[in-house]
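Presented below is the structure to which this report refers.
The values are calculated or read from the model by the stated rules, or taken from the named source; none is laboratory data. Computed from a predicted structure; not experimentally measured. Virtual Cβ from ideal backbone geometry, glycine too; neighbours counted across all protein chains shown. These area figures cover heavy atoms from the full protein model, side chains too; ligands, DNA and RNA do not enter into them. Shrake-Rupley method; radii C 1.70, N 1.55, O 1.52, S 1.80 Å.
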Amino acid sequence: MNWSFGIIFGNMKDLSGDDKNYGVDPYENVKKVIESIRKQNIENYEIILVGDHYHAEGITGDDIIKVDFDESIRKAWITKKKNIVAQTAKYENLSIHHDYITLDDEWYEGFQNFGYEWDVCMMYISGGYFCVKRDYLLSNPLDETLVAGEGEDLEWSVRLRQNWNYRCNPNSKVVLCKPKQNHLPPPHTDPNK
């Protein structure tokens, strides 16, 4: 089966200014993600990089499509980046993920065994990684008025849950390639005390 992979990367600071790269170099992450895709031995695929070119310099290949994104237009505008993947993709099956999600070595084999009768498919519900049919995402885009940290993935899931063929694929795993963090926000501290 044919796949378009969309990697969302760049200045991943949320609205509070917190670094969502957690001190990990996005360029190195993008290279790891690309390597994990190429290891799958998929006959027909493309890799769409959406972000600022600073984080994609030196990344080349016949399988690479770079879409430059001006990070200054709107901070943390990942909904726009994900919709751009669908607009750019030539294959129906999309795997859209952040630059800190790599594919397990048997990811593609897992999808071959699982099948392709779905609109949206993932291991778990998260905006960091999901697979979706191109035409489905083009017809049901993410809400570009929302940015990272504003529940953009939840809004999309709730809005569409009545009209999607949603499946969880336990056969195709992904790997988090950034340090594990306590995802709870730090307690508020009063600088005057």
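Brief remarks on what is shown
- Sorting ASP99, ASP70, ASP62 by solvent-accessible area of protein heavy atoms yields ASP62, ASP70, ASP99, largest first, with a 1.4 Å probe.
- Across segment 42-120, C-alpha contacts under 8 Å between residues 6 or more apart give a mean separation that, scaled by the residue count, equals a relative contact order of 26 percent.
- For segment 100-168, GluC sites (Glu not before Pro) are listed when DSSP marks them as loop and at most 11 other Cβ atoms sit within 10 Å of their Cβ; the list is GLU117.
- On a per residue basis, segment 121-163 carries 47 Å² of accessible surface, using protein heavy atoms and a 1.4 Å probe.
- Distance (nanometres) between label positions extended 7 Å along Cα→Cβ at ASN44 and GLU57: 3.6 nm
- Placing R0 at 22 angstrom, the Cβ-Cβ distance between TYR166 and LYS90 gives a FRET efficiency of 0.35 after rounding to 0.05.
- Legend: residue pairs LYS39/LYS173; LYS39/LYS82; LYS81/LYS133; LYS31/LYS82; LYS66/LYS173, Cα-Cα distance threshold 21 Å; pairs beyond threshold, LYS39/LYS82; LYS66/LYS173.
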